[in-house]
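The values are calculated or read from the model by the stated rules, or taken from the named source; none is laboratory data. The shown structure was predicted, so the numbers you read here are calculated from the model rather than taken from an experiment. Methodologically, a virtual Cβ is constructed for each residue, glycine included, from the backbone with ideal geometry; neighbour enumeration extends over all protein chains shown. Note: accessible area is taken over every heavy atom of the protein model, side chains too, but ligands, DNA and RNA are not part of it. Shrake-Rupley method; radii C 1.70, N 1.55, O 1.52, S 1.80 Å.
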Amino acid sequence: MLFKDEEVILIIIAGTALLLLLGFFMVGFLLMFQKKQNKNAMEKAELKSSFKQELLKTRIEIQEETLNYVSREMHDNITQVLSFVKLNMGLLANKLGGEEKVKLNDSRELIAQTITDLRNLSKSLSFEHINSLGLVKTLELEAIRVNKSGLINMDLNVEGEMYTLGEQRELVLFRIFQEALNNALKHADAANIKIGLYYNAQMFNLTIEDDGAGFQPELLTDKSGSGLRNMKNRAGLIGAEAVITSSLKQGCTIKLSLNPLVEENYANETHSNSPGR
């Protein structure tokens, strides 16, 4: 009888151990399954993010090619045609006198100014021009051009010791500035726009402020705010953080922060962004 009791106890112990092992096995299997699910979800999210980034890179590259094409056409064709018209008007003015000659000369001056404006605009669209001058010099020339137009007053302030951020980064930052300027003129009806560049060894900041009509913060997530989202997407491509703040009748402020010591891949190119031009 005692032997049978011991046998029963052993069976119970063995059954309990087996159930525990089965429980551990089931828990381990569920944990491994959950871990695999999480890994698959992360890989899927990374692929989705990578696809979006590549799509944005392609869009920006296409935009740059288009802008460069427009820039060349303006410089090589349109300005040449206007120069030819200006020359012919000068020849005609020499054969005339009095009021007609004065009017023709006034028209020639207008055409000459148009040629200058088109050439300046052409340069602002050209990647090669921006790359050769660098971000600060390009913005200085833009401030002169914008202020001369009388459409808006642009104030540029540079603090700290300047250094290169890499040609692709500086191009993207300049395109963000152009987008912000376009918004200030077209949508905000701003009278003033302030641009600030702040350099130090660990951080670069670009701020763009206007005194226009402003907008509700919800616009940043609305479909109609695609231009604002595009700024953030462009900033993300070069490793920058973009913070956009605004409210009705309070203007708009765009602040971009960038670590110059971090290497970033942009459009399949790696740029070292250590300070020092």
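Annotations
- Of all residues in the stretch 188-213, those being open to solvent by less than 20 Å² (accessible area, probe 1.4 Å) and of a type in the set (Gly, Ala, Ser) number 4.
- A single entry from GLU269, GLU263 fulfils the requirement of being at pLDDT below 90, of a type outside the set (A, V, I, L, M, F, W, C) and either buried (at least 21 other Cβ atoms within 10 Å of the Cβ) or out of contact with any helix residue (DSSP H, G or I) (no Cβ under 8 Å at 6 or more places or on another chain) (or both): GLU263.
- Filter result for GLU167 (within 14 Å of the chain's Cα centre (by Cα) and over 22 Å from LEU228 (Cβ atoms)): yes
- In the stretch 225-248, of all residues being within 23 Å of MET203 (Cβ to Cβ) and charged (D, E, K, R), the one that is most open to solvent (accessible area, probe 1.4 Å) corresponds to GLU241.
Here is a yes/no grid of residues against (1) touching a residue at least 60 places away in the same chain (Cβ under 8 Å); (2) within 19 Å of ILE195 (Cα to Cα):
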{"site": "LEU92", "(1), (2)": "no, no"}
{"site": "LYS95", "(1), (2)": "no, no"}
{"site": "LYS101", "(1), (2)": "no, no"}
{"site": "GLU128", "(1), (2)": "yes, no"}
{"site": "LEU133", "(1), (2)": "no, yes"}
{"site": "LYS137", "(1), (2)": "no, yes"}
{"site": "ASN153", "(1), (2)": "no, yes"}
